Amino acid sequence: MKIIPLAFESMGVRSMATFVETDLKILIDPGTSIAPKRFGFPPWKDEFDALHETRARVQEYAKKANILTISHYHHDHFTPFSLGRYLDSSPRYAEEMYRNKKLFIKHPTENINKNQQKRARDLLNNLKHLGTRDIHYADDNSFEVGDTLFKFSKALPHGAEGSRVGFVITATIEWENQKLMHASDVQGPMGDAARELILNENPDTLILSGPPIYLEGFILEKRDIVRAQKNLIEIARKIPRVVVDHHLLRDLRCFDFIKTVKEESKGEVLVASELLGKEPYLLEARRKEFYF
């Protein structure tokens, strides 16, 4: 199984886009974005450069893919049929991405908030006009395609239990005695349900979003971060390779967080760029530096 990170915070953008090659070619969460505002400032030129580079990479691998999966309907996890400056999105890019693909997607009306429900409806309407018909609602379902098994979780909170941000589904891919689990936006995981799901699935490689430590003191409390770190330590003790990225890397304190997880777990814990042999390239977390 080949695993290729395409766009992540450790690569300068908001995303968890990942390409996986088995006997199939699979694109997970095909989106990329940058934050319109952070620390009160708009994106720096380097962030737009990273956005355009990752968009080109996602589009390149979308052409190769047989199958696309979407964990939820935040714009850093899929590509809409609309122009978006901070997504580098367009109708043409979306048409190129979704045409003639098999799609496994988060259910558009169940366990979903109103904002994501509207985005899902818009996406499905555009897919209908495009002629894409091979669409499967993946929540709590399994699918066997060729020699590859896909297992999707039930809807999990986007972060802590009771989160108002909505729900996500994880994707597990099994092929030739290898198992990858891609757990978008479980944020740590903060929730016990996500932790137990991950431990029970017991993948060889886990890719997940870490907690958004940059929101501590705003919508998160210190205890939420501590819980997420304890859960991640437990996971890293039992799963051979843990790739933690996304929300966590929007704050430069992420490296201290990861160091603690490594020391406590004695496990292999890395960020997505390191799967490619590259040093983390954090931009949003450093945005304030560019203006002073």
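The values are calculated or read from the model by the stated rules, or taken from the named source; none is laboratory data. Worth saying up front: this structure is predicted, and the values here are computed from it rather than measured. Here the Cβ positions follow ideal geometry from the backbone for every residue, glycine too, while neighbour counts run over all protein chains shown.
Miscellaneous remarks
- A single entry from Tyr61, Tyr86, Tyr93 fulfils the requirement of being at pLDDT 95 or above, within 24 Å of Phe167 (Cβ to Cβ) and either surrounded by 16 or more Cβ atoms within 10 Å (Cβ to Cβ) or of a type outside the set (S, T, N, Q) (or both): Tyr86.
- Glu196 meets the conditions (1) at pLDDT 95 or above; (2) buried (at least 17 other Cβ atoms within 10 Å of the Cβ); (3) part of a helix (DSSP H, G or I) in every case but one. The failed one is (2).
- Residue satisfying condition, being touching a helix residue (DSSP H, G or I) at 6+ places or on another chain (Cβ under 6 Å) and touching a residue at least 24 places away in the same chain (Cβ under 8 Å), within set Leu197, Leu156: Leu156
- Filtered residues of the stretch 233-249 (kept if of a type in the set (D, E, K, R) and surrounded by fewer than 22 Cβ atoms within 10 Å (Cβ to Cβ)): Glu234, Arg237, Lys238, Arg241
- If the condition is being crowded, with 20+ Cβ neighbours inside 10 Å and charged (D, E, K, R), then the stretch 254-289 contributes Glu284, Arg287.
- Candidates are the residues of the stretch 90-115 that are of a type in the set (S, T, N, Q) and without any contact (Cβ under 8 Å) to a residue 40 or more places away in the chain; the one that is farthest from Asn66 (Cα to Cα) is Thr109.
- The set of residues from the stretch 28-48 being part of a helix (DSSP H, G or I), out of contact with any helix residue (DSSP H, G or I) (no Cβ under 8 Å at 6 or more places or on another chain) and surrounded by 14 or more Cβ atoms within 10 Å (Cβ to Cβ) comprises just one member, Phe48.
- The stretch 155-175 - residue that is of a type in the set (D, E, K, R) and out of contact with any strand residue (DSSP E or B) (no Cβ under 9 Å at 6 or more places or on another chain) and, of those, surrounded by the fewest Cβ atoms within 10 Å (Cβ to Cβ): Arg164
- Single residue of Asp29, Asp49 found to be under 21 Å from Arg133 (Cα atoms) and of a type in the set (D, E, K, R): Asp29
- The residue that is surrounded by the fewest Cβ atoms within 10 Å (Cβ to Cβ), among those in the stretch 17-27 that are in contact (Cβ under 8 Å) with a residue 40 or more places away in the chain and over 12 Å from the mean Cα position of the chain (by Cα), is Asp23.
Table: residues versus (1) touching a residue at least 40 places away in the same chain (Cβ under 8 Å); (2) within 22 Å of Arg241 (Cβ to Cβ); (3) of a type in the set (Asp, Glu).
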site	(1), (2), (3)
Thr172	no, yes, no
Glu176	yes, yes, yes
Asp185	yes, yes, yes
Gly188	yes, yes, no
Glu201	yes, yes, yes
Ile207	yes, yes, no
